[in-house]
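Following: one structure in structure tokens, then a few remarks.
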Amino acid sequence: MWRYSMRIHLQLALSVLALSVAACSNGGGGGGGAAPVPATTTTTTPTPVDVQGEFTYEYKFNGCTTGRQKLTSKNAYCDALLNDALNNNCAREMRVETYNRMCTTNTQVSSPGTLPAMSTARCVVNGMDLKDRTFLQNMNPFNPQRRQIYRDMFWSGKNDQGYDILGSLVDSYGKGRLLLTPAQAGRSALGEIQLHQQRGDSKFSVRSGLGSQISLKVTNLEIQKEVEAVCLSDKSFKRTKADLRRVKCSLTHSESGRKETRRDEEIVWDVANKVEREIFRGRSTERITLRLKPAAGGQDERIAVEAVDLDIDKTMVAETTLNEGLEVRFRGQLTGTDLTIQCAPASK
């Protein structure tokens, strides 16, 4: 809950104008489009003629508060709404909504792209029902075969924070989260996509340094569902680029009744050509493949891990920027599988 109030005292003999508005926002939303690219928009210039007086506001949302802000002109009030530091990085979407209403004319700031981008991440999640469907089922708008959800997250970069990224998908797709961890001495800020399915019996995750795109795709034939989550954070989080010609990976794999497997792998490549290497083979069809991809299309060099037939009938593909490193995890109850893969440039 939050409240907002504004008082304008004019020096002329005018009456006091009191406005009271209320709104709410939860930071989620649905929409189309395939690429999770943060919005970049241009702020419309506030009303040319500044209005002097007293303007106040206060927002409270999810345990966070902007504090009571008191400004002496409308221009200062509008500027304050877009000032993260002044507002404790709190209630950003609420402030943008108010800015659109109070400080613009015909053009709106449709998303918080005008605010400092380094505390912004966006996730796009696509879900697909793999079951055979009748014609009538495919025509039912309330039960689509494919679903998509956007989620924008506005993070201070100071504390651990978790965000639900599967909000509007039905429970049968599982529970999805994006976890953000602030930078510490010698370590960059981290982002982790988590997906829990079948009431937590199957747990998938990928973690990497922030500053680029992280993705996790899970195909689960047991429940006949496929989920792909792609999360993009601002490039200002990226750390200094390392020498990528040598990549070190470590793998730990265990199952119920089987001896744990541990191995280290070092791959040398020319950074110009694709590399594909099988780094693990378990029972008849279970295998794990590592891929290194050269820079292309404006993207930096990337690393992907594909694990096929985990827990018999599950496949996961995780991908991120090689420079930011990669950690993939899977925990499955069906066979007691416990898998962890960590890869990073050898120079780091």
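The values are calculated or read from the model by the stated rules, or taken from the named source; none is laboratory data. Predicted model only: the values in this text are computed from it and were never measured. In this analysis, Cβ positions are derived from the backbone assuming ideal geometry, glycine residues included, and neighbour counts consider all displayed protein chains. Ligands, DNA and RNA are excluded from the accessible area calculation, which covers all protein heavy atoms including side chains. Shrake-Rupley method; radii C 1.70, N 1.55, O 1.52, S 1.80 Å.
Restricting attention to the stretch 183-223, the residues being farther than 25 Å from residue 144 by Cα, among the hydrophobic types (A, V, I, L, M, F, W, C) and open to solvent by less than 70 Å² (accessible area, probe 1.4 Å) number 6.
Just to check your reading of the model, which residue among 256, 284 is polar (S, T, N, Q) and free of Cβ contacts under 8 Å to residues at least 12 places away in the same chain? So that I can check it myself, show each step before the final result.
Numbers: 256 fails: free of Cβ contacts under 8 Å to residues at least 12 places away in the same chain.
Result of the check over 256, 284: 284.
Among (1) buried (at least 19 other Cβ atoms within 10 Å of the Cβ); (2) within 21 Å of residue 227 (Cβ to Cβ); (3) more than 27 Å from the chain's Cα centre (by Cα); (4) not polar (S, T, N, Q), there is one condition residue 312 misses while meeting the rest; what is its number? If we test residue 312 against (1) buried (at least 19 other Cβ atoms within 10 Å of the Cβ); (2) within 21 Å of residue 227 (Cβ to Cβ); (3) more than 27 Å from the chain's Cα centre (by Cα); (4) not polar (S, T, N, Q), just (1) comes out false.
Residues checked against (1) at pLDDT 95 or above; (2) part of a strand (DSSP E or B):
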site: 227; (1), (2): yes, yes
site: 231; (1), (2): no, yes
site: 241; (1), (2): no, no
site: 247; (1), (2): yes, yes
site: 257; (1), (2): no, no
site: 270; (1), (2): yes, no
site: 273; (1), (2): yes, no
site: 276; (1), (2): yes, yes
site: 280; (1), (2): no, yes
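Do we have residue 180 as at negative phi, free of Cβ contacts under 8 Å to residues at least 60 places away in the same chain and crowded, with 16+ Cβ neighbours inside 10 Å here?
Here the answer is yes, as residue 180 does meet what is asked.
Residue check: is residue 151 open to solvent by 30 Å² or more (accessible area, probe 1.4 Å), within 24 Å of residue 211 (Cα to Cα) and without any contact (Cβ under 8 Å) to a residue 40 or more places away in the chain? No: the conditions fail for residue 151.
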